[in-house]
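The block underneath contains the structure these notes are about, expressed in structure tokens.
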Amino acid sequence: MKIVITTLLLLCIGSPLCLAKEKKKRTGPPSAEEAFKTLDKSGDSALSLEEFLEGKSGQEKARADFTKADVDKDGSLTLEEFSTIERSGARERKRKKKE
Ligand SMILES: [Ca+2]
């Protein structure tokens, strides 16, 4: 019995199935935190409208998103505020996929 278990264990260690678990770390789109850090050029942990609009194609929609997400109306987005946009964006993408 011991031999069987040892053999199975050795097979598992070398098999792609076991290795796949370890490799499955960084896939898919970047997280809200990563996107935030990329956009936060000044590194002050807040996104100004200019930083937020950087590289956005739909400027009007982005502007509206920014205003909506800026809950405390201080003209910049914290990671928390920014995350609400990312979440609603993900919901929208999911919805569009279904259609
Ligand atoms: Ca704010």
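Can you tell me which residue within the range 48-57, out of those that are in contact with a helix residue (DSSP H, G or I) (Cβ under 9 Å, 6 or more places away or on another chain) and not acidic (Asp, Glu), is farthest from the ligand (Cβ to nearest atom)?
It comes out as GLY55.
Among the residues of the range 46-74, count how many are outside any strand (DSSP E or B), of a type in the set (Gly, Ala, Ser) and in contact with a strand residue (DSSP E or B) (Cβ under 7 Å, 6 or more places away or on another chain).
The total comes to 2.
So, of the residues in the range 58-81 that are crowded, with 19+ Cβ neighbours inside 10 Å and more than 11 Å from SER48 (Cα to Cα), which turns out to be nearest to the ligand (Cβ to nearest atom)?
So the residue we want is GLU81.
Can you find a residue that is among the hydroxyl-bearing types (Ser, Thr, Tyr) and without any contact (Cβ under 8 Å) to a residue 24 or more places away in the chain anywhere in the range 69-82?
no
Values quoted throughout were computed directly from the atomic coordinates according to the rules given, and no laboratory measurement underlies them. Keep in mind the model is a prediction, meaning the values are calculated, not measured. Cβ: placed from backbone, ideal geometry, glycine included. Neighbour counts: every protein chain shown.
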